[in-house]
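What follows is a short report on a single structure.
The values are calculated or read from the model by the stated rules, or taken from the named source; none is laboratory data. On a predicted model such as this, the values are computed, not experimentally measured, just so you know. Cβ atoms come from the backbone with ideal geometry, glycine included; neighbour counts cover every protein chain shown.
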Amino acid sequence: MIYNNLLYFIVAIFLFAITGNTDTPQFPFSIALVIFSGLLFSYDFLARRFFSKNMGKGSAAYFSTEKKLSLLALLFYSAALYFCDIHYYLAPLSLADLLPSLTNIGGLAFFVLFLGLMWRRARPTYEAAFGQSYTTLTFLTICLRTNLPIVLPWILLSLTYDLLALLPFPGLKSFFHSQTGEFFSFIFFLILLLIFFPPLIRRLWGCIPFPHGPLHDHLHNFFKKQQFSAQIYLWPLFEGRVLTAGVMGIIPGLRYVLITPALLEALTLDELDAVMAHEIGHIKRKHMLLYLLIISGFSVLAGFILKPFTFFILSRDSFYLLLKKTGGTPETVITIMMAVITLGLMILYFRYLFGFFIRNFERQADLHVITALGSSHSIISAFEKIAVLSGDTRDLPSWHHFGIGQRVDYLEKCEKNPTWIGHHNRKVLLCLLAYLLVLGTITFGQSLLPSNAWEKSYEEKYTEYIINMKIIQEPEKALWLRLAGDLLQHKKMEEKALDAYEKALLLEPTNPEILNNLAWLLLTSEKLELRDPLRALSLARFAAMREPRGHVLDTLATAYWANNLIKEAVDTEKQAIFVNPEQSEYYRLRIRKFTSTEYETGLPRREEESI
């Protein structure tokens with residue numbers, strides 16, 4: 001359940017992040033409120049129907065319904081984010097962008113609101129399945145406390161980043177905002193969580209100190225034999241009726257072994273020792289730190305893959321064909337595309353890669369029982385008993401654990417041939433090394449990608465698309481035609497550039513920028529048949545009269561030179577130096593060119609023609 005809920009909250013946080021903030025909402029607040037109310041009502045109706053159908057069918061049916069409705073909550077939450085502009089209305093929470101994490105936390109609260117509707121409708125079914133009775137408020141509080149440890153690290157990390165950004169130390173702020181700084185601060189924060197978070201979780205989950213007595217003494221003596229230290233607590237998970245145990249904490253003084261009362265009732269002392277040896281195996285194999293490594297690996301992958309991949313998509317012609325077909329804005333389409341890609345990457349990463357390591361870490365912990373006790377009989381007996389008492393779950397698959405039947409089969413295999421223990425440990429080690437190698441390759445191999453070329457291509461194509469859209473939307477504005485001409489001239493599409501300038505000139509015949517840029521094209525076109533020095537001179541004179549700036553005067557000087565008026569060209573270029581002294585070196589080079597080369601041939605000017 002906890003692993004599934006972790007995925008749900010990760011997806012919810014991501015969905016809110018990608019919706020972004022808009023300057024204006026899609027709908028007025030009153031309409032957005034009606035839509036949101038309709039979504040809440042519809043989800044509440046479905047939650048009531050789903051749970052009423054499974055009333056009295058036991059805990060397995062309850063968990064199955066909760067899983068389906070959690071996924072449905074994500075769907076309704078996505079619709080609310082898109083249609084109701086939640087990000088827009090929550091923006092003031094950031095206090096003028098001083099604490100943007102408050103907006104993000106507020107966004108997640110809306111997802112919790114949908115879950116709250118589910119928990120409210122779940123209460124009667126839960127009471128029937130677990131034989132308890134709660135008020136609605138008490139049950140909602142229990143559900144919230146159970147799930148709070150999943151999102152609390154993200155909340156604390158987000159607030160910490162915002163507070164660090166407010167510090168009056170520019171160097172420190174720039175470090176924390178760099179990819180390296182974000183990565184190492186994230187790792188440092190997670191290590192602190194591993195150390196200090198277990199006591200908080202223990203309190204939120206309502207764990208009770210294990211009562212002193214013979215069983216308490218037996219477990220502590222067993223821990224001493226295994227050179228292990230931890231405090232033992234009773235874990236009231238689902239009224240303590242779930243057959244499970246767990247360990248958390250990397251520091252002995254802040255390390256806890258949690259055991260549900262149902263597990264204590266079901267197992268013999270030998271079986272309980274075997275389960276404890278399994279939990280000790282997690283600590284001995286450093287699985288807590290490895291979880292930290294693999295979870296943080298996703299931020300590395302996302303940070304080093306998604307930005308260049310975004311440029312790659314934006315640089316493709318197919319992306320702009322898609323824009324034309326859908327009629328969407330580039331921002332909307334790329335947001336949706338990258339959201340789908342990132343969400344897919346996230347699900348694949350956590351569901352399969354993270355799941356792969358979790359399953360194999362669990363198997364390592366199983367095998368540690370053989371190392372600690374010399375036999376797998378007790379842990380196999382415990383597994384078989386748990387499978388029967390949990391509702392014949394022996395062959396039930398799980399993405400984060402091997403099925404009980406698979407675990408038993410592998411233990412029996414290792415019992416017959418202990419070399420398989422070393423084989424599995426080597427497999428896990430090699431997989432971790434391969435994971436680190438891939439992570440390192442992605443991190444340091446990003447420089448090998450042609451990201452700069454993709455970015456440059458994207459900027460040109462994106463600009464061209466926007467200008468074309470503006471020409472369609474505002475055909476009476478010469479600005480867009482002139483910008484289109486500039487872009488087309490830059491791309492050496494000179495006939496189309498000439499056409500764009502001519503259309504712009506018809507709309508604004510006295511615009512100095514249009515006059516200047518058209519004159520420049522008529523003077524410098526690589527296609528000689530497009531050149532028209534005489535007309536260019538007329539256009540350039542008019543542009544210089546309207547706006548005698550440095551680049552306009554340079555165009556006029558070039559027109560004089562093209563018409564073999566060398567003295568006028570030199571005088572005009574000197575005027576450009578006076579108007580724009582910052583570019584004087586460039587203008588002096590132009591004068592040298594005018595006096596030393598011929599316009600038509602580009603060859604050196606004959607001595608008698610030089611000035």
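Any chance the range 289-309 includes a residue that's of a type in the set (A, V, I, L, M) and under 23 Å from Gln226 (Cβ atoms)?
Initial filter on the range 289-309 (of a type in the set (A, V, I, L, M)): 289-290, 292-295, 300-302, 305-306.
Next cut, under 23 Å from Gln226 (Cβ atoms) only: 289-290.
Yes, the range 289-309 has at least one match.
Screening Phe50 on (1) under 29 Å from Tyr352 (Cα atoms); (2) outside any helix (DSSP H, G or I) shows it passes everything except condition (2). Scanning the range 578-602 for residues that are within 16 Å of Asn563 (Cβ to Cβ) and touching a helix residue (DSSP H, G or I) at 6+ places or on another chain (Cβ under 7 Å) turns up Arg590, Phe594, Thr595, Tyr599.
If you go through the range 537-558 and keep only what is farther than 14 Å from Pro512 by Cβ and surrounded by 24 or more Cβ atoms within 10 Å (Cβ to Cβ), you end up with Ala557, Thr558.
Which one is surrounded by the fewest Cβ atoms within 10 Å (Cβ to Cβ), of the residues in the range 227-276 that are β-branched (Val, Ile, Thr) and farther than 23 Å from Lys286 by Cα?
To start, the set of residues in the range 227-276 that are β-branched (Val, Ile, Thr) comprises 232, 242, 244, 247, 250-251, 257, 259-260, 268, 275.
From the residues that got through so far, the ones that are farther than 23 Å from Lys286 by Cα too are 242, 260, 268.
On the way: Val242: 20, Thr260: 21, Thr268: 12.
Of everything passing the filter in the range 227-276, Thr268 is surrounded by the fewest Cβ atoms within 10 Å (Cβ to Cβ).
Looking at Glu239, Glu265, Glu271 in this structure, which one is touching a helix residue (DSSP H, G or I) at 6+ places or on another chain (Cβ under 6 Å) and modelled with pLDDT of 90 or more?
Working: Glu239 fails: modelled with pLDDT of 90 or more; Glu265 fails: touching a helix residue (DSSP H, G or I) at 6+ places or on another chain (Cβ under 6 Å).
From the options Glu239, Glu265, Glu271, the qualifying one is Glu271.
Restrict the check to the range 211-226 and report whether at least one residue is crowded, with 17+ Cβ neighbours inside 10 Å and either touching a His at 6+ places or on another chain (Cβ under 9 Å) or among the β-branched types (Val, Ile, Thr) (or both). No; the residues of the range 211-226 include none that is crowded, with 17+ Cβ neighbours inside 10 Å and either touching a His at 6+ places or on another chain (Cβ under 9 Å) or among the β-branched types (Val, Ile, Thr) (or both).
So how many residues does the range 378-415 have that are part of a helix (DSSP H, G or I), over 19 Å from Tyr62 (Cα atoms) and small (Gly, Ala, Ser)? Don't jump to the end; show me each part of the working.
Within the range 378-415, the first condition is being part of a helix (DSSP H, G or I), and the residues that meet it are 378-389, 404-415.
Now restrict to residues that are over 19 Å from Tyr62 (Cα atoms): 378-385, 404-415.
Remaining after also requiring small (Gly, Ala, Ser): 378, 381-382, 405.
Total satisfying the criteria: 4.
Find the residue count for the range 48-68, including only residues that are under 25 Å from Leu343 (Cα atoms) and more than 24 Å from the chain's Cα centre (by Cα). Matching residues across the range 48-68 total 5. Just one of (1) out of contact with any strand residue (DSSP E or B) (no Cβ under 7 Å at 6 or more places or on another chain); (2) aliphatic (A, V, I, L, M); (3) over 28 Å from Arg426 (Cα atoms) fails for Leu293. It is (3).
Assigned to a helix (DSSP H, G or I), in contact with a strand residue (DSSP E or B) (Cβ under 7 Å, 6 or more places away or on another chain) and not polar (S, T, N, Q): does that describe Glu271?
Working: assigned to a helix (DSSP H, G or I): yes; in contact with a strand residue (DSSP E or B) (Cβ under 7 Å, 6 or more places away or on another chain): no; not polar (S, T, N, Q): yes.
So Glu271 fails the test.
Residue-by-condition table, conditions (1) buried (at least 19 other Cβ atoms within 10 Å of the Cβ); (2) modelled with pLDDT of 95 or more; (3) closer than 22 Å to Leu152 by Cβ:
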{"residue": "Lys68", "(1), (2), (3)": "no, no, no"}
{"residue": "Leu71", "(1), (2), (3)": "no, no, no"}
{"residue": "Tyr82", "(1), (2), (3)": "no, no, no"}
{"residue": "Leu90", "(1), (2), (3)": "yes, no, yes"}
{"residue": "Leu93", "(1), (2), (3)": "no, no, yes"}
{"residue": "Ala96", "(1), (2), (3)": "no, no, no"}
{"residue": "Pro100", "(1), (2), (3)": "no, no, yes"}
{"residue": "Gly107", "(1), (2), (3)": "yes, no, yes"}
{"residue": "Gly116", "(1), (2), (3)": "no, yes, yes"}
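Considering the range 365-399 alone, what residues qualify as being surrounded by fewer than 20 Cβ atoms within 10 Å (Cβ to Cβ) and over 22 Å from Gly240 (Cβ atoms)? Across the range 365-399, the qualifying residues are Thr371, Leu373, Gly374, Ser375, His377, Arg394, Asp395, Pro397, Trp399. Return yes or no: is Ala262 more than 30 Å from Lys461 (Cα to Cα), in a helix (DSSP H, G or I) and of a type in the set (A, V, I, L, M, F, W, C)? Considered against the rule, which asks whether it is more than 30 Å from Lys461 (Cα to Cα), in a helix (DSSP H, G or I) and of a type in the set (A, V, I, L, M, F, W, C), Ala262 comes out as yes. When the range 131-156 is filtered for residues that are aliphatic (A, V, I, L, M) and more than 15 Å from Gly106 (Cα to Cα), the ones remaining, listed by number, are Leu137, Leu140, Ile142, Leu144, Ile150.
Residues in the range 275-306 that are among the small types (Gly, Ala, Ser), closer than 26 Å to Gly440 by Cα and over 12 Å from the mean Cα position of the chain (by Cα): 2 in all. How many residues, within the range 185-232, are of a type in the set (Gly, Ala, Ser) and either assigned to a strand (DSSP E or B) or farther than 15 Å from Ile259 by Cβ (or both)? Looking only at that region, the number is 2.
Among the residues making up the range 487-511, a single one is crowded, with 19+ Cβ neighbours inside 10 Å, touching a Phe, Trp or Tyr at 6+ places or on another chain (Cβ under 9 Å) and within 20 Å of Glu547 (Cα to Cα): Ala504.
Residue check: is Lys307 without any contact (Cβ under 8 Å) to a residue 40 or more places away in the chain and not β-branched (Val, Ile, Thr)? Judged against the criteria, Lys307 is not a match. Where helices (runs of 4 or more DSSP H) sit wholly within the range 478-553, those with at least 1 residues that are in contact (Cβ under 8 Å) with a residue 24 or more places away in the chain, in the same structural domain as Asp571 (by TED's automatic domain parsing) and closer than 20 Å to Leu565 by Cα occupy 512-524, 533-546.
The set of residues in the range 79-96 that are free of Cβ contacts under 8 Å to residues at least 24 places away in the same chain and among the hydroxyl-bearing types (Ser, Thr, Tyr) contains only Ser94.
Let's see how each residue does on (1) at pLDDT below 85; (2) exposed (fewer than 12 other Cβ atoms within 10 Å of the Cβ):
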{"residue": "Lys567", "(1), (2)": "no, yes"}
{"residue": "Thr572", "(1), (2)": "no, no"}
{"residue": "Ala576", "(1), (2)": "no, no"}
{"residue": "Gln583", "(1), (2)": "no, no"}
{"residue": "Phe594", "(1), (2)": "no, no"}
{"residue": "Thr601", "(1), (2)": "yes, yes"}
{"residue": "Arg605", "(1), (2)": "yes, no"}
{"residue": "Glu608", "(1), (2)": "yes, yes"}
{"residue": "Ile611", "(1), (2)": "yes, yes"}
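Of the residues making up the range 422-441, those that are among the aliphatic types (A, V, I, L, M) and modelled with pLDDT under 95 are Leu436, Leu437, Val438, Leu439.
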